Amino acid sequence: MDKIIIHGGRPLAGTVAISGAKNAALPLMAATLLTPGWHTLRNVPDLRDTRTMLRVLETLGATWERQGATVRIDTSGLTGAEAPYDLVKTMRASVLVLGPLLGRCGYARVSLPGGCAIGARPINYHLRGFENLGVTTTLARGYVEARADTRLRGATIYFDKPSVTGTENILMAAVTAHGTTVIKNAAREPEVGNLVDMLVAMGAEIKGKDSDRLTIHGVRSLVPAEAAIIPDRIETGTYLIAVGAAGGEVTITGCNPAHLPALTEKLRSAGVRIDEGMDSFTVSCPVHDAASGCHLQSVDITTLPYPGFPTDLQAQFMALMILGSGVSIIHETIFENRFMHVAELQRMGADITIDGSSAIVRGIPAERLCGAPLMATDLRASASLVIAGLAASGETEISRIYHLERGYEQMVEKLRRLGADIRRVKE
């Protein structure tokens, strides 16, 4: 098992290119199951999670080939409709094969999902939506079994709270259902819009992209398609925050600034300078040290569904607020167990108190943030520890970095090119 070693206190400088979005690539890969033939996906990041999804597709009978960031998937030889526990336990997004398998085969058996330990994240929204479409679902021995004896039928489906994977799963099941399906209070995340674009390219009829109301007129058949994965807004945000913490000036290319409205507003309020281009950011912040004093203002955040502040950037922003000049209150509304990184940040000297679903962060001088041996607990917590390590004095050692590799493509290499003293070593 590998670990990351960081010697902090070095500002970041240069240019970093953003990879395709993991959370967009996974549903698009699952969507290839809807119809036989070769599908082409461009800008696919090479991550632990995307490799796991390809293995899931293989178990269902698909074949694939990869050249650089382009992945071609052939789902003509579908031989099964079961996603086994050994694969699904490592990645919650594996549940996304339920919708397309139901749409194409009328049957699916998928292990209950795993992934990061950041909360229960039940799939009851998915199952209730499938049942409205005429599917019978049962839970037995750790598996979801879903079956429709006839063609799925359109229905009106309302989510009590917007669910990204729930919206995506229902979308993929509904595109070939008989009649019209309306999803109310649908998730509006850009990754959902990316899936809508691919489904439309396959021949689906969907209205309401980027809104909280999606209308799907079912079609009899679909065709293979080509699609491009959108840039990863969470990776983009992580590098924006990293520059705020470590100091320096970095140009972030190949991103979509329109996808991060809440984060950029909060970073500017904190004192980080951000200039936006058509597909780039230039971000700068003075180095935080005893001589120059604190340049960051403490600001509060509340995580919300898009376009609110992303829960997937909460941990990273907390690492930044450790260096703020004041008190920041971070309120987590999406997942109930997403403060597991706090104990590790406290080991570095951070002054953080948990109060229910809120974290109270009292800023400390930069010289009091010190490197320490740390253990990553989930994907985004891993990124927060890297950011803190970049800003801290001394050596930070992060174990269990396989979490990081689920969602960040070549993060160590990219940070090294920006001047960070960071390396990966065998544990």
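Is one or more of the residues making up region 388-399 modelled with pLDDT of 95 or more, crowded, with 16+ Cβ neighbours inside 10 Å and among the β-branched types (Val, Ile, Thr)?
For region 388-399, residues modelled with pLDDT of 95 or more, crowded, with 16+ Cβ neighbours inside 10 Å and among the β-branched types (Val, Ile, Thr): present.
Check off (1) assigned to a strand (DSSP E or B); (2) of a type in the set (Ser, Thr, Tyr); (3) within 23 Å of residue 92 (Cα to Cα) for residue 167 and give me the number that stays unchecked.
Among (1) assigned to a strand (DSSP E or B); (2) of a type in the set (Ser, Thr, Tyr); (3) within 23 Å of residue 92 (Cα to Cα), the lone unmet condition for residue 167 is (1).
If only one of 253, 264, 282 is of a type in the set (Ser, Thr, Tyr), under 22 Å from residue 44 (Cβ atoms) and outside the structural domain of residue 170 (by TED's automatic domain parsing), which one is it?
The unique qualifying residue is 253.
Testing residue 239 on (1) more than 27 Å from residue 40 (Cα to Cα); (2) not assigned by TED's automatic domain parsing to the domain that holds residue 367, one condition comes back false. Which one is that?
(2)
Given the conditions (1) modelled with pLDDT under 95; (2) within 28 Å of residue 403 (Cα to Cα), and given that residue 290 satisfies all but one, which numbered condition is not satisfied?
So residue 290 meets the others, but not (2).
For region 266-293, give me each residue that is buried (at least 19 other Cβ atoms within 10 Å of the Cβ) and either assigned to a loop (DSSP other than H, G, I, E, B) or of a type in the set (A, V, I, L, M) (or both).
Once the filter is applied, which keeps residues that are buried (at least 19 other Cβ atoms within 10 Å of the Cβ) and either assigned to a loop (DSSP other than H, G, I, E, B) or of a type in the set (A, V, I, L, M) (or both), region 266-293 yields 267, 270, 272, 274, 283, 288.
Output the number of residues of region 51-80 satisfying the condition of being part of a loop (DSSP other than H, G, I, E, B) and either buried (at least 23 other Cβ atoms within 10 Å of the Cβ) or among the basic types (Lys, Arg) (or both).
Final tally of qualifying residues: 1.
Kindly indicate the residue of region 193-211 that is hydrophobic (A, V, I, L, M, F, W, C) and part of a loop (DSSP other than H, G, I, E, B) and also farthest from residue 21 (Cα to Cα) among those meeting that condition.
204
May I ask you to list the residues in region 23-50 that are β-branched (Val, Ile, Thr) and surrounded by 17 or more Cβ atoms within 10 Å (Cβ to Cβ)? Outline the logic, then answer.
At the first step, the residues of region 23-50 found to be β-branched (Val, Ile, Thr) are 32, 35, 40, 44, 50.
The answer is 32, 35, 44, 50.
For region 1-22, which positions are in a loop (DSSP other than H, G, I, E, B) and surrounded by fewer than 17 Cβ atoms within 10 Å (Cβ to Cβ)?
Filtering region 1-22 for residues in a loop (DSSP other than H, G, I, E, B) gives 1, 8-11, 18-19, 21.
Passing the criteria: only 1.
What number goes with the only condition from (1) crowded, with 22+ Cβ neighbours inside 10 Å; (2) touching a helix residue (DSSP H, G or I) at 6+ places or on another chain (Cβ under 7 Å) that residue 402 does not pass?
(1)
Kindly indicate the residue of region 139-185 that is in contact with a helix residue (DSSP H, G or I) (Cβ under 9 Å, 6 or more places away or on another chain) and of a type in the set (Asp, Glu) and also surrounded by the fewest Cβ atoms within 10 Å (Cβ to Cβ) among those meeting that condition.
Selected residue: 160.
The values are calculated or read from the model by the stated rules, or taken from the named source; none is laboratory data. The model shown is predicted, which means the values in this text are computed figures rather than measured ones. Positions of Cβ are generated from backbone atoms using ideal geometry, with glycine treated the same way; all protein chains shown enter the neighbour counts.
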